[in-house]
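Novice: What follows is a structure written as structure tokens; I'll ask about it next.
The values are calculated or read from the model by the stated rules, or taken from the named source; none is laboratory data. Note that the structure is predicted; figures quoted are calculated from it, not measured. Counting neighbours? That spans all protein chains shown, and the Cβs are built from the backbone with ideal geometry, glycine included. To get the accessible areas, we keep the full protein, side chains included, count just its heavy atoms, and leave off ligands, DNA and RNA. Shrake-Rupley method; radii C 1.70, N 1.55, O 1.52, S 1.80 Å.
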Protein chains: 2
Amino acid sequence: MPRLAAGDRREALVEAALRVMGRDGLAAGTTRAVVAEAGMSLASFHYVFASRDELLAELVRRVVGRELATATAALDAAAIDPAAGPADCLRAAARGYLGHLEADPGAEQLMLELTLHAVREPDLRPVAREQYRAYAAAAAALLERAAARTGARWRGPLAEPARVLVTLVDGATTTWLVDRDTAATRATLDAAVDLLVARYAVVPA
Amino acid sequence: MPRLAAGDRREALVEAALRVMGRDGLAAGTTRAVVAEAGMSLASFHYVFASRDELLAELVRRVVGRELATATAALDAAAIDPAAGPADCLRAAARGYLGHLEADPGAEQLMLELTLHAVREPDLRPVAREQYRAYAAAAAALLERAAARTGARWRGPLAEPARVLVTLVDGATTTWLVDRDTAATRATLDAAVDLLVARYAVVPA
DNA sequence: AGCGTACTGGGACGCTTGACCCACTTCGCC
DNA sequence: GGCGAAGTGGGTCAAGCGTCCCAGTACGCT
């Protein structure tokens, strides 16, 4: 059987954990369940990770990176129309995220579960903070890019609307996970985007 | 030692569970931890509750009721000033909630944890749905009351702004739990309230 | 060919979990 | 005074947990 390099096995375990926990929840992602999903033995797990917490921390970093990439891609794909305003761009990005959420609800739910877990565990708390700092930065970058592509600009510091955006996406995710009402969530996000642009953007005539 | 009626012991166990889980998280609320907090034996637990899940379901209902009462009280207390507009009312309600969140973060975090858990468990899923239906209804009532007290009225059906409100509060809670930045969260909520009123309210001159 | 490092299989350890059970006590009521 | 229902103490059960360990295997390098 072919040997895997240590880094690859780390990767494989993270991927396996993502599948198991996305499917059945954070609590279901025991070390045993994870290694079973990855087709490895327990020893391999503790050879690569010092502890389950280390896996969890890596998990957060990995998925955050993936989310950010998704959002950016959605925005880029949206800004093709030269007549589009910043609201159109952001709406498209929001829809992109919603599609991502619908396609794999477990992954997003897992992120929420991980965040809540990380806030409780002193060792993991910094990870959660970093996660939300990354979200805020990504939101700011998103706003900036949307403005740049449409010739608009933002009033005042970006931090405030960026935080509103993060709050919105977070809340929309939770709400959608409960009632799975995509139409209502889309309407909420659309309205919120309009509101955001109306307040913070300066759109050239 | 004085006997407690069955209903009282149910109540006492719920209260104990709330303390334990609010302090250390949903996962820490094992049956043993709960009965220890309540000063009872395991047998008493299973005499009153058929299972841990039954406790969890009751927990959600209990706390939801409490939250709604808090929000309504905050709104009522806020609408004293006759010159206040709907935005002032809602801002006050938001601040009331934020104060409540600061005073007992564990309780709100627990609600989030419970919701996420309920969404995963088929048996508990209806409870989560009902919970968010209650939130939406409460948000609608809040909007209605804010309008009534200030002589304003809302454009279109209340469901849409109500959903935005729920989304907002949910997201703000999560974000605050991570970074504990009260000022930023307050700013976010204030801005969001302004946005909401600007879009959905008809304020008389 | 042989050595040392990298890796793995499988079992074990000590502990906690939700659930259950049964002998026992307490109490209102006849 | 005694009976039956209500409630409890404490132990038990099987299952599952994270972690650890060690004997063994496979491979790259000299």
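Novice: Only four residue types carry charge here, +1 at the Cβ of Lys and Arg and -1 at the Cβ of Asp and Glu. Report the dipole size of the protein assembly as shown about the Cα centre in Debye, rounded to the nearest 20.
Specialist: Values: 48 positive and 52 negative charges, 38 e Å.
It works out to roughly 180 debye.
Novice: What translational diffusion coefficient, to the nearest whole µm²/s, does the protein assembly as shown have by Stokes-Einstein, given a Kirkwood radius computed over alpha-carbon pairs, a temperature of 4 °C and 1.567 mPa s viscosity? Could you put the intermediate results ahead of the total?
Specialist: Numbers: Rh = 22.8 Å.
Calculated translational D: 57 µm²/s.
Novice: Also, I was wondering about something else. Using +1 at the C-beta of Lys and Arg and -1 at the C-beta of Asp and Glu, which of A:Leu195, A:Thr173, A:Leu114 has the Cα lying farthest in the positive direction of the dipole of segment A:107-205?
Specialist: Among A:Leu195, A:Thr173, A:Leu114, the one farthest towards the positive end of the dipole of segment A:107-205 is A:Leu195.
Novice: Here is a follow-up. Given Cβ point charges of +1 (Lys, Arg) and -1 (Asp, Glu) and nothing else, what value in debye, to the nearest 20, does the dipole of chain B about its Cα centre take? Before the final figure, lay out the partial values.
Specialist: Numbers: 24 positive and 26 negative charges, 73 e Å.
Roughly 360 debye, rounded to the nearest 20.
Novice: If you roll a 1.4 Å probe over the heavy atoms of the protein chains, what accessible area per residue do you get for the protein assembly as shown, in Å²? All intermediate terms of the calculation are to be shown ahead of the outcome.
Specialist: Working: 18200 Å² over 410 residues.
Accessible area per residue: 44 Å².
Novice: If you put a point 7 Å past Cα along the Cβ direction, how far is that point for B:Ala69 from the same point in each other copy, in nm, smallest first?
Specialist: 5.0
Novice: Taking all protein chains as present, what is the carbon and sulfur share of the accessible area of the protein assembly as shown, in % to the nearest whole number, probe 1.4 Å?
Specialist: Details: 10370 of 18200 Å².
About 57 percent, which is the carbon plus sulfur part of the accessible surface.
Novice: ³J(HN,Hα) across segment B:143-150 via Karplus (A = 6.51, B = -1.76, C = 1.60, θ = phi - 60°), whole Hz, x for Gly/Pro?
Specialist: Once θ is set to phi - 60°, the couplings for segment B:143-150 become 4, 4, 5, 4, 5, 4, 6, 10 Hz.
Novice: Which distances, shortest first and in nm, link B:Arg186 to the matching position in the other copies, using label points set 7 Å out along Cα to C-beta?
Specialist: For B:Arg186, the other copies' label points sit at 3.9 nm, shortest first.
Novice: Moving on. With springs only between Cα atoms under 10 Å apart, run a GNM on chain A and tell me which of A:Thr150, A:Thr188, A:Thr70 wobbles the most.
Specialist: Comparing A:Thr150, A:Thr188, A:Thr70 in the GNM, the peak value goes to A:Thr188.
Novice: Over the whole of B:115-122, what's the average partner chain Cβ count within 10 Å per residue? Rounded to a whole number, please. Don't skip to the answer; put the middle values down first.
Specialist: Details: counts 5, 10, 4, 1, 10, 10, 1, 0.
Partner-chain Cβ atoms within 10 Å, mean over residues of B:115-122: 5.
Novice: Give, rounded to the nearest 20 debye, the magnitude of the charge dipole that segment A:120-205 has about its Cα centre when Lys and Arg contribute +1 at Cβ and Asp and Glu contribute -1 at Cβ. Please report the intermediate quantities before stating the final value.
Specialist: Values: 12 positive and 10 negative charges, 62 e Å.
The dipole of segment A:120-205 has a size of about 300 debye.
Novice: Which ³J(HN,Hα) values, rounded to whole Hz and listed in residue order, are derived for segment B:175-185 from phi using the Karplus coefficients 6.51, -1.76 and 1.60 in 6.51 cos²θ - 1.76 cosθ + 1.60 with θ = phi - 60°, glycine and proline given as x?
Specialist: 4, 5, 4, 7, 9, 6, 8, 4, 4, 5, 5
Novice: Mean-square fluctuation check for chain B, GNM, Cα pairs under 10 Å: which of B:Val48, B:Val193, B:Val169 is largest?
Specialist: In the Gaussian network model the winner is B:Val48.
Novice: Would you mind checking the radius of gyration and Dmax of chain A based on alpha-carbon positions, in Å?
Specialist: Radius of gyration, then largest Cα-Cα span, for chain A: 19.1, 65 Å.
Novice: If you don't mind, another one. If you put a point 7 Å past Cα along the Cβ direction, how far is that point for A:Arg23 from the same point in each other copy, in nm, smallest first?
Specialist: Relative to the other copies, A:Arg23 has label-point distances of 3.8 nm.
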